[in-house]
Every structure is written in C-alpha cells, then in structure tokens.
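Input: a single structure, listed below in structure tokens.
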Amino acid sequence: MNAPQFRRRRVTIYMLMLLTAIILTVIHDFLGPYWSYIVMYGLTVGIIGLGFNLLLGYNGLLSFGHAGLFGIGMYTVGLSIRYFNIDSLELLILLAIVVGFLIASILGYIASRLILVYFALFMLAFGQIIFTLVYKLYNITLGSDGLPITVTKIFNISFSSRAEFLYYYYYFVIIVFILCTLFMWILVNSHFGKTIQAIKFDDIRVTYIGIPVHKYRYIAFLISALYATIAGAIYAPLAGHITPDNVSFVFSGEIVYLTLLGGMNSFSGPIVGAFVYTLIKVYLSTITEYWQFVMGATLIVIVLLFPNGIMGLVGLASSKFRKR
Amino acid sequence: MAILEIRNLKKSFGKLVAVNDVSFSMNKEEIISIIGPNGAGKTTLINLISRWIKEDEGVIKFMDKDMKSIGPREAVKMGIARSFQIARMFSGLTVLDNVKLAIASRKGKCMKFLSLFDEDKDITDEAYTILENFNLSKKANFFANELSQGDRKLLDVSIAFSLKPKLLLLDEPTSGVSAAEKTNVMNYIVNMINKNKIGAILIEHDMDVVFNYSSRIIVMNEGRIVADGSPEEIVANVSVKQIMGGK
C-alpha cells in the first residue's frame with residue numbers, strides 16, 4: 001500500500017473508532033443495564049483479544065496462558081481493595097499495570113526465547129500456576145469463594161450504588177477500549193509492528209538484517225501481557241465479584257477461540273470475535289448447559305473451513321462485491 | 001587493502017571436519033567464487049564468515065577486526081550481508097516492505113512504535129531505487145511468496161544490498177533458477193556489486209556463472225582449499241578438473 005492510500009485508510013480507521021465511540025455512547029440509555037453489561041464485557045474481552053493477537057496474528061506465537069495474565073490484573077484489583085482499601089478505579093488499574101508489567105517482564109525473558117509448542121506449553125504452565133495460586137491460597141484470595149469488588153470512585157467522583165457506578169463505568173470502559181484499540185492499530189502499523197510480522201515469517205532473515213529477534217519478541221510479549229492485565233483490571237469492577245474461573249485454562253482457550261472466530265489475520269478480527277463470542281456465550285448458556293460443546297464444534301468448523309475467521313469471510317465477500 | 005582475512009580456519013561437526021585449515025585474504029571489490037563438490041565445506045565457510053556458526057580454531061578478520069566474539073547481527077552492522085541457498089524473505093509481506101524493513105533496520109528505525117511504516121517516505125523512496133536496480137519495482141506490491149524463483153533470489157539479494165554492505169556473501173544465487181533467468185539474475189547482482197564497489201563471495205555450482213562473473217576462484221575439497229587463482233589459472237589446473245569431475 002502506498003503512502004496516500006495508507007493515509008486515507010488511517011483517516012478511515014480513526015473515523016471508525018470515533019464513530020464506534022459515539023454510537024456506543026448514544027445507545028447507552030437504550031441498552032439498559034443488562035445489555036450495557038454485555039457491551040462492557042465484549043469490549044473487555046476485545047482488549048485481551050487485541051493483545052493476544054499481537055502475539056498470535058502478528059508474531060506467530062500461540063499463548064495458552066493469557067488467562068493467567070488476565071487474572072493478575074483481576075486479582076491485583078481485588079486484593080488491593082481487600083487489603084489496602086483502595087477505592088479509586090484509576091489507581092487500581094495503575095497498580096494492575098505495574099504488577100502486570102513486573103511479572104510479564106520476568107516471564108517474558110523466558111517466553112521470548114521460546115517458539116511454537118514450547119511457547120504454548122510454557123504459557124499454559126504459567127497460567128495454571130496463577131490459577132493454582134488464586135485457587136489454593138484461600139487465606140489470601142478466598143479461593144473459589146472469590147473476592148468481592150467494590151469500586152466506588154472514578155476520577156474521585158463517588159457513586160452511591162453499584163447500578164450508578166456501572167452506568168458511568170460504561171463510558172470509562174469505552175474510553176479505555178478506544179485508547180487500547182488506537183494504540184494497537186498504530187503499533188501494528190509502525191516500524192516495530194512490521195518488524196514483529198517479519199519475525200513471524202523468517203526470524204533468521206530478520207537476524208541477518210541486523211535485528212535482535214529476542215528483544216522484539218520480548219517487547220511484543222510485554223505489550224500483549226499488559227493488554228491482558230488491563231482487561232483483567234477492567235473486568236473486576238464490572239463483574240463485582242471475581243473467582244478463579246476467569247484464570248483457568250478454559251478461559252485461555254476461549255481467548256484463542258474468539259481470536260480464531262474473528263480472524264487472526266485481521267486487525268479487527270479479535271474485536272469482532274470478542275463480541276460474537278460474548279453473544280454466543282450469553283445466548284447459548286441460557287438454552288443449554290452444553291454451550292461449551294457448541295463453541296468447540298464451531299471452532300472445528302472455523303479452523304477447517306474458514307481459517308481467516310469472520311473477517312476473512314467479510315474480506316472475501318467485499319472483494320467479490322467490488323469485482324462485480 | 002584486504003577487507004577479509006582468514007587464517008587457519010577449522011570447523012568440525014562431531015568427527016566430520018567441514019572446514020580444515022583454510023586461509024585466504026580478500027581485497028575490496030573482488031568477486032570470489034568458491035567452488036567444489038557437495039560436502040566440500042563451502043556453505044560452512046559462508047556460515048562462519050557470516051557468524052551463524054563459530055570456528056573451532058583459526059582467525060577471521062573483517063576490516064582488521066577479529067570476529068571471534070561477533071555474532072550474525074553484529075556482523076551485519078559491521079558490513080557483512082548475505083543471501084541464502086534457499087532464498088530467505090518475509091513471504092507474507094510485500095516485496096517493497098521486505099526491502100523497506102532492511103533499510104529501516106540499517107537506519108535504526110525498527111524500534112519506532114508510533115511512526116507509521118507505510119508513511120515513511122524516506123525509506124520508501126530508497127527501497128524503490130534498490131528495487132529498480134534489480135528490476136523488481138513493477139512487482140513492489142506483490143507478496144514475496146508470489147514471486148518466481150529468479151525474482152525470489154533477486155529479492156533475497158536486494159534485502160542484503162539494502163544493508164549497504166562492504167562484503168556480500170551469496171550462497172548459490174542461481175540455484176533453482178531457470179536457465180533463461182540465470183544470466184539476468186547474475187547481471188543484476190554483479191552490476192550492483194560493481195556499482196557499489198563492494199566485495200562478494202559467491203558459492204556456485206554453475207561453472208558458466210562462476211567463470212563469467214568472478215575475478216578469482218577458490219576451489220575447496222573435503223574442507224580444504226585445493227586451488228586459488230584467476231579463472232584462467234583454475235581452468236588450467238589439472239587437479240581441479242579431477243575434483244570437479246570434468247565440469
């Protein structure tokens with residue numbers, strides 16, 4: 001794509017982001033508390049999907065442990081409220097980012113040296129360690145009973161009830177989502193973004209143009225981990241009560257699922273996947289307790305028939321439409 | 001002035017001695033072809049010079065600097081670039097992006113997080129100039145995996161050239177290329193080598209290519225150098241004829 005074409009595309013993307021923010025804001029009152037919650041959940045999962053796909057779609061690394069990073073964000077918020085009585089949302093999220101950064105910077109040192117199945121298994125093991133810790137350290141985390149989350153302040157504005165908090169929290173989640181999406185779009189289209197894509201295609205060639213592969217993988221891992229941590233930190237006040245369920249490998253699998261569903265070769269794939277996944281989950285879980293079976297079956301269909309996911313199909317349809 | 005100096009180089013893989021007591025030096029702007037039967041140690045030698053592997057014994061000096069502690073990435077920064085027997089490129093990126101990325105690396109731009117790659121006019125213009133020299137500019141927006149074998153080889157070399165090397169290592173630049181494309185591929189490469197006044201070491205099996213484009217030929221067999229001289233001297237060497245099976 002040449003520079004003028006790309007510039008036009010960039011403006012379109014920025015306008016789309018702005019439009020999404022406006023539409024989500026305008027429809028808020030029509031949605032009601034239930035659907036507002038669904039939208040917030042979709043946006044939260046979209047954030048983790050974006051971060052996850054930085055590794056899978058752009059760097060070729062499949063992580064089965066992003067739930068562990070999500071859990072770090074979630075439990076940093078939960079434990080900070082429980083043990084330090086912090087009630088400021090922005091401070092809680094900042095703490096989660098710091099803790100996430102510290103853990104990811106150590107984890108990334110090893111992870112960035114691994115590829116293929118070794119990376120996937122390493123991340124699976126990490127996720128399970130975090131799960132076991134939050135599940136078994138009952139005296140600290142309350143294990144499977146979970147932790148209550150009572151955030152009452154956003155930018156020092158207090159709220160009298162959870163309903164009121166969630167009403168305004170909706171806007172907060174939109175802002176974080178748009179910022180995360182904007183940053184990620186710029187990142188994947190930056191010099192750095194192009195370099196990590198090149199690493200996916202041929203890391204030996206990358207070495208022979210003078211680039212330190214591990215360093216780039218490390219930074220990509222760090223950013224991806226921070227997205228998962230931020231998503232976890234945002235999810236905790238939304239859920240109001242956190243349990244180890246969202247730290248288990250099942251949730252890691254769901255992150256893989258939504259990314260493949262939306263399409264890992266497209267920037268918007270994980271976001272679209274996050275919303276479709278949320279709707280499938282909400283809808284199916286009301287009609288059958290075997291909803292995970294249906295999700296598994298759809299995953300097989302996607303992998304076999306539509307390897308580029310929903311956005312791949314959309315791209316195919318639009319190119320056929322243009323040819324007409 | 002010698003840009004590359006190799007003294008008593010030795011490399012073994014288990015009991016197999018792949019490179020055995022190899023010594024030669026190379027002047028700036030020389031094009032040296034290394035020939036020899038399969039298993040002679042040619043690719044191992046290239047891998048040693050490009051620092052993919054480390055020597056067991058001996059010394060490699062590039063621009064008077066001992067390369068002992070130098071890795072492949074540092075070698076690139078010092079001015080050694082290479083192409084590969086099976087062309088290595090970023091198959092899912094466009095031809096233009098392949099070259100742009102190498103230029104961005106040379107200019108230390110790859111760590112930029114917030115500047116957009118596609119809007120970097122500076123590296124785009126330079127990439128088009130390089131692609132023009134290799135007759136690839138019309139295919140700039142093709143994905144690398146859509147190219148013919150000959151064009152892949154040219155792209156591989158274009159990437160190496162984008163690094164502005166002082167020494168270019170070419171591992172079989174015409175392998176897998178059709179006979180019709182071979183001359184074109186070599187003409188573009190050698191023109192660029194001459195234009196940029198750099199040195200090149202070429203591994204090649206095609207003797208027409210070797211004798212038409214080299215200023216000097218080194219013959220290897222079983223890890224050792226058995227002959228070193230001008231194309232005319234090598235043609236006249238009887239033992240070379242025996243080793244190369246009359247090629």
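Reducing the range B:81-120 and the range B:173-239 to their Cα centroids gives an inter-centroid distance of 28 Å. Modelled this way, with points 7 Å down the Cα-to-C-beta line, the labels at residue B:53 and residue A:113 are 2.3 nm from one another. Both radii are taken from the alpha-carbon atoms of the range A:158-241; with Rh as the Kirkwood radius, Rg/Rh is 1.19.
Total Å² of accessible surface buried at the B-A contact, 1.4 Å probe, nearest 100?
Buried surface at the B/A interface: approximately 3300 Å².
As a test, work out the antiparallel percent of DSSP beta bridges whose residues both lie in the protein assembly as shown, rounded to the nearest 5.
60 percent
Averaging 1/r over each pair of different alpha-carbon atoms in the range B:1-153 and inverting the result gives 17.7 Å, the Kirkwood hydrodynamic radius. Strictly greater than 19 Å: what percent of every Cα pair in the range B:112-210 meets that? More than 19 Å apart: 44 percent of the Cα pairs in the range B:112-210.
Summing Cβ point charges (Lys, Arg +1; Asp, Glu -1) relative to the Cα centre of the range A:98-210 gives a dipole of roughly 120 debye. Calculated translational diffusion coefficient of the range A:27-151 (25 °C, 0.890 mPa s; Stokes-Einstein with Kirkwood radius over alpha-carbon pairs) equals 152 µm²/s. Dividing the mean sequence gap of close Cα pairs (under 8 Å, 6+ apart) by how many residues the range B:187-247 holds gives a relative contact order of 20 percent. The tail of the calculated P(r) for the range A:220-324, taken as Cα-Cα distances beyond 17 Å, holds 61 percent of the pairs. The fraction of accessible area contributed by carbon and sulfur in chain A is 71 percent, rounded to a whole number (1.4 Å probe; ligands and nucleic acids excluded). For A:259, B:129, B:43, the ranking by accessible surface with the largest value first comes to B:129, B:43, A:259, using a 1.4 Å probe. In the range A:191-208, comparing the full protein assembly with the chain on its own, the residues that lose 20 Å² or more of accessible surface at a 1.4 Å probe are A:191, A:192, A:194, A:195, A:198, A:201, A:202, A:204, A:205, A:207, A:208.
Taking the alpha-carbon centroid of each part, what is the distance from the range A:227-264 to the range B:1-64 in angstrom? Taking the Cα centre of the range B:1-64 as reference, the centre of the range A:227-264 is 53 Å away. Applying 1/(1 + (r/R0)^6) with r as the Cβ-Cβ distance of residue B:211 and residue B:122 and R0 = 45 angstrom yields a FRET efficiency of 0.65.
Based on the alpha-carbon gyration tensor of chain A, what equivalent-ellipsoid semi-axes (square roots of 5 times the eigenvalues) come out, in whole Å, largest first?
Values for chain A, descending: 30, 25, 20 Å.
Note on residue A:156 and residue A:293: the model spin-label points, each 7 Å out from Cα along the C-beta direction, lie 5.6 nm apart. Only protein heavy atoms count here; under a 1.4 Å probe, residue B:205 has an accessible surface of about 60 Å². Efficiency by 1/(1 + (r/R0)^6): what FRET value for residue B:13 and residue B:132, r their Cβ-Cβ distance, R0 = 35 Å, to the nearest 0.05? That pair, residue B:13 with residue B:132, gives E of 0.25.
Peptide B:101-111 has a mean shielding of 6, counted as Cβ atoms of other protein chains within 10 Å of each residue's Cβ.
Fully extending the segment from residue A:8 to residue A:106 would add 31.3 nm, taking 0.36 nm per residue of separation and subtracting the current Cα-Cα distance.
With a simple spin-label model that places each label point 7 Å from the Cα along the Cα-to-Cβ direction, the separation between residue A:265 and residue B:149 comes to 2.5 nm. Based on DSSP H runs of at least 4 residues, each adding -39500 (n - 2.57), what is the mean residue ellipticity at 222 nm of chain A after dividing by all its residues, to the nearest 500 deg cm²/dmol? Taking each H run of at least 4 residues, the total per residue is -27000 deg cm²/dmol. Taking all protein chains together and rolling a 1.4 Å probe, residue B:44 ends up with roughly 20 Å² accessible.
Just by accessible area at a 1.4 angstrom probe, what is the order of A:291, B:52, A:185 from largest to smallest? The partial results should precede the final answer.
Numbers: A:291 45, B:52 115, A:185 5 Å².
Output order, biggest surface exposure first: B:52, A:291, A:185.
Globularity index of the range B:168-247 is 1.12 (Cα radius of gyration / 2.2 N^0.38 Å, N = number of residues).
The Rg/Rh ratio for the protein assembly as shown, using Cα coordinates for both the radius of gyration and the Kirkwood hydrodynamic radius, is 1.08. Annotation: amide H of residue B:18 within the under-5 Å range of B:11, B:12, B:13, sequence separation 5 or more or interchain, hydrogens built in the peptide plane.
Once the Cβ-Cβ distance between residue A:279 and residue A:204 is put in as r, and R0 is 56 Å, what FRET efficiency do you end up with, to the nearest 0.05? Taking R0 as 56 Å, the efficiency between residue A:279 and residue A:204 is 0.85.
Given Cα pairs under 8 Å that are at least 6 residues apart, what percent is the relative contact order of chain B?
Reported relative contact order: 28 percent.
Once the chain from residue B:238 to residue B:25 is taken as fully extended at 0.36 nm per residue, the excess over their C-alpha distance is 74.3 nm.
Straightening the chain between residue A:129 and residue A:171 buys 11.7 nm, computed as 0.36 nm per residue apart minus the Cα-Cα spacing.
Residue A:11 exposes around 80 Å² of accessible area when a 1.4 Å probe is run over every protein chain in place.
Show me the helices of chain A, taken as full DSSP H stretches, that run 18 Å or more along their long axis by Cα and average 1.0 or above in Kyte-Doolittle hydropathy. For chain A, where a helix must reach 18 Å along its axis and average at least 1.0, the hits are A:89-111, A:116-136, A:162-188, A:213-239, A:249-262, A:269-287, A:291-305. A Cβ-based charge dipole, computed about the Cα centre of the protein assembly as shown with Lys and Arg at +1 and Asp and Glu at -1, lands at about 580 debye. In this structure the protein assembly as shown gives 44 Å² per residue of accessible area when probed at 1.4 Å with all protein chains present.
First check a/c for the range A:94-240, with a ≥ b ≥ c the square roots of the eigenvalues of its C-alpha gyration tensor; if it is under 1.5, answer rounded, and if not, answer prolate when a/b is larger than b/c or oblate otherwise. Oblate.
The values are calculated or read from the model by the stated rules, or taken from the named source; none is laboratory data. Owing to the predicted nature of the structure, the values given are computational and were not obtained by experimental measurement. Methodologically, a virtual Cβ is constructed for each residue, glycine included, from the backbone with ideal geometry; neighbour enumeration extends over all protein chains shown. For the accessible areas, the whole protein counts, side chains as well, though only heavy atoms, and no ligand, DNA or RNA atoms are used. Shrake-Rupley method; radii C 1.70, N 1.55, O 1.52, S 1.80 Å.
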